[in-house]
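Visitor: Can you keep this structure in mind? I'll have questions shortly.
The values are calculated or read from the model by the stated rules, or taken from the named source; none is laboratory data. In this text the structure is predicted, and so the values were computed from the model without any measurement. Here the Cβ positions follow ideal geometry from the backbone for every residue, glycine too, while neighbour counts run over all protein chains shown.
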Amino acid sequence: MYTYKSTEERITELSYLLEKKNISELSELLRRTNPVDIVEFIEELSKEEALVVFRLLKREDAVEVFSELSQDDKEKLQSGLNENEFKAILEELNFDDMIDTLEEMPATVVQNILKSSDAETRDLVNEYLQFPEDSAGSLMTTEFVELKPTMTVAEALDYVAEVGADKVTVYTSYVTGPNKELLGYVSLRLLVTADESVYVTQLMFEDVITVTTTDDQEDVAHKFQKYGFTALPVVDNANKLVGIITVDDIMWIIEQEDTEDFQRIAGTTPDEEDYSKMSAWDLAKNRIPWLLFLMISGAFTSTILSRYEDIIQTVIVLNMFIPTLIDSGGNAGAQASTLVIRAMSTHDIEPSDWIKVVIKEITVGLIAGSILAVAVFLKCYFFDRVSMNVAIIVALTVLSIIIIAKAVGSLLPIIAEKLGADPAIMAAPLITTIVDSVGLIVYFKIAQLIIPGLLV
């Protein structure tokens, strides 16, 4: 049997068999292909080709592939499947995947699906569709193992064996009271190693880390990262267990949140679509507002230069060092803001730590700025051959700008967080614009102090 060296080779072989319409070999190869690789294969196909491939899949593979597809590809398949086929796929999906799919489907499709569903399913789906899009409630699934405290270990294991096939995880079971209030949890390892006559209540851990249905998905992701759980229980305001969130769902959320932060830091409007699937117009549309804002903000630089035009004309050599000063300030501010935004996203620091953070960054600015000031002084005096006064002006300005940039770069994201905005909106381009303007003012003020006779 041929051993494929990579996913690319397998996808190439699948494409070849599809092109040659060799259905029997294509079907056989699909049976030996990981569903994740099949997802990658289907994403590159036309609607008609995707339907051919999808209908060749084993039922369990078809369900897994469908759950992993992007929303656009799900809609591509859904539009070609008849109502019964689509409903059959939905019914096999994990509950959270089904909700995610229905949330993005056209209202008419959702209504048709719900009409043919039983009353209990219809009520449950409608309830879950009411949760805010970025909340814990929208991420959770109801497919978890629920035990009673009065069960013995033997009864609990029998129950897990009975219902486990339909649950997203059996490694952690949740113990609930008469009114579904969450009492604790017990691991499968503990159950299989304990005496069969022991009661679940004697084994369960009562210190349960939970999230509520209205918690933001970013806060949920933080709890997963902090505690290293594979699943988290979701409770309502009365501490009743209503669902769980599994780590595979939260990994996608972490990627999504990080992507949005990077997009904002880069000075562009966040978009949920992948870069490769966006047109040039869509990309430009997201960037133009920021570029316009930054261009208008940058006009302050021209205003400042015109304000100090007399100084520039008197000591023309000062003009040649402006790019160096601007670049140094922008780089220093971007460093500080990026690290602070990251530290806040991981909850390493909180907005209440702002004084400590700013003092630390000013100290960093003092150390780094002093070294850069010495370096730029030596360059200006010995390499550029400018006067001692000009070299001192440039060196002192570099020191001042680095300190200011570190303070501004660390403080603005914290201010954004305190105001309830995303810290990433204080992107590097915005901080650079602010530091540029302040830096130029500092530059010319220092020049006025050191070189006698300069006009104000």
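Visitor: So which residues in the stretch 182-200 are surrounded by fewer than 17 Cβ atoms within 10 Å (Cβ to Cβ) and in contact (Cβ under 8 Å) with a residue 24 or more places away in the chain?
Guide: Val192, Asp195, Glu196, Ser197, Val198, Tyr199
Visitor: Condition test on Ala405, is it modelled with pLDDT of 90 or more, buried (at least 20 other Cβ atoms within 10 Å of the Cβ) and over 23 Å from Thr303 (Cβ atoms)?
Guide: Answer is no for this residue.
Visitor: Within the stretch 317-348, work out how many residues are on the phi > 0 side of the Ramachandran plot and buried (at least 22 other Cβ atoms within 10 Å of the Cβ).
Guide: Total satisfying the criteria: 0.
Visitor: Would you say Asp271 is at pLDDT below 85 and either among the polar types (S, T, N, Q) or surrounded by 15 or more Cβ atoms within 10 Å (Cβ to Cβ) (or both)?
Guide: Yes: the conditions hold for Asp271.
Visitor: Same structure, new question: Please go through the stretch 140-181 and give me each residue that is at pLDDT 90 or above, among the small types (Gly, Ala, Ser) and surrounded by fewer than 16 Cβ atoms within 10 Å (Cβ to Cβ), ordered by number.
Guide: Ala154, Ala161, Gly177
Visitor: Then there is this: Could you list, in sequence order, the residues of the stretch 349-376 that are assigned to a helix (DSSP H, G or I), surrounded by fewer than 19 Cβ atoms within 10 Å (Cβ to Cβ) and either without any contact (Cβ under 8 Å) to a residue 12 or more places away in the chain or among the charged types (D, E, K, R) (or both)?
Guide: Ser352, Asp353, Ile355, Lys356, Ile359, Lys360, Thr363, Ile367, Ile371, Ala375
Visitor: Just for the stretch 201-223: of the residues that are in contact with a strand residue (DSSP E or B) (Cβ under 8 Å, 6 or more places away or on another chain) and aliphatic (A, V, I, L, M), which one is surrounded by the fewest Cβ atoms within 10 Å (Cβ to Cβ)?
Guide: Ile209
Visitor: Let me ask you something else. Answer yes or no: is there a residue in the stretch 377-389 that is modelled with pLDDT under 90, within 21 Å of Ala332 (Cα to Cα), touching a helix residue (DSSP H, G or I) at 6+ places or on another chain (Cβ under 7 Å) and outside any helix (DSSP H, G or I).
Guide: Checked the stretch 377-389: no residue is modelled with pLDDT under 90, within 21 Å of Ala332 (Cα to Cα), touching a helix residue (DSSP H, G or I) at 6+ places or on another chain (Cβ under 7 Å) and outside any helix (DSSP H, G or I).
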